[in-house]
Structures are given as C-alpha cells and as structure tokens.
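Undergrad: This is the structure, below, for whatever I ask next.
No lab work stands behind these numbers, since they all come straight from the coordinates. Quantities reported herein were computed from a predicted structural model and do not represent experimental measurements. All Cβ positions, glycine included, derive from the backbone under ideal geometry; neighbour counts span all protein chains shown.
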Amino acid sequence: MSNAHELARGHKQLLPLIEFALNEGWTVSRTAGGHLKFLKPGLPPIFTSSTASDHRAGRNARAMLRRAKRQSAEAQPAGKETGHG
C-alpha cells in the first residue's frame, strides 16, 4: 500500500484528504488516469480528481466520503426488535 505522500504526488493540497481517508479506514489508490480512488468494504467506490479545479475540491471530496459512510449506515437495518408479535 502506498503512503499518503506517494499518493499526493507533489499536490500538497491533497495530503489532508488522503490522510483523512486512510484514518477513516478507506483504501486509497490511483487509477490509470491519475485520479484518486477511495475504497471501503460495503461502500461504493469514490473517485476524485488529483488536481483541484477550485479551492474547495478537497473539502468536497471529504464530504463525499462522509456522506457515503453515513448513507451506508442508514441503509443497514438497525436489528432492533419492534415488540410486535
């Protein structure tokens, strides 16, 4: 597995995003086209550009990671008994 510095490849604005993802249990890799691919079991893959087109790109990508995790948690059954029966 590559470390955060290798994945950022000189784009220091990506480093906090990559470190956040790794700390949250995501696997981060580069695609053949140079994009970043974030994988986590049970969640859909998330792809983002490796070069930011605007200053909020890193924050937007971080929000996508959080949103995917939250939506997955909401989709899973709670496993609680309803008390009916």
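Undergrad: Taking amide hydrogens as modeled 1.01 Å from N in the peptide plane, which residues meet the under 5 Å criterion relative to Lys40, leaving out close sequence neighbours?
TA: For Lys40, whose amide H was placed from the backbone, the distant partners under 5 Å are Thr27.
Undergrad: I need the phi-derived Karplus couplings for the range 16-24: 6.51 cos²θ - 1.76 cosθ + 1.60, θ = phi - 60°, integer Hz, Gly and Pro marked x.
TA: Couplings: x, 5, 5, 5, 4, 4, 4, 5, 8 Hz.
Undergrad: Something else about it: What percentages, rounded to whole numbers, describe P(r) for the range 4-73 computed over all alpha carbon pairs with 5 Å bin width beginning at zero?
TA: Values per bin, smallest distances first: 3, 18, 32, 27, 14, 5, 1.
Undergrad: Let me ask you something else. What does the charge count near Glu24 come to, summing +1 for each Lys or Arg and -1 for each Asp or Glu among other residues with Cβ under 9 Å from its Cβ?
TA: Charge balance in the 9 Å sphere: +3.
Undergrad: Right, here's the next one. Let me check I've understood the local charge: for Leu7, count other residues with C-beta under 11 angstrom from its C-beta, Lys and Arg +1, Asp and Glu -1. What total comes out?
TA: Within the 11 Å Cβ shell, the charges total +1.
Undergrad: If Lys and Arg each add +1 and Asp and Glu each add -1, what is the summed charge of the other residues whose beta carbon sits under 12 Å from the beta carbon of Asn60?
TA: Charge balance in the 12 Å sphere: +4.
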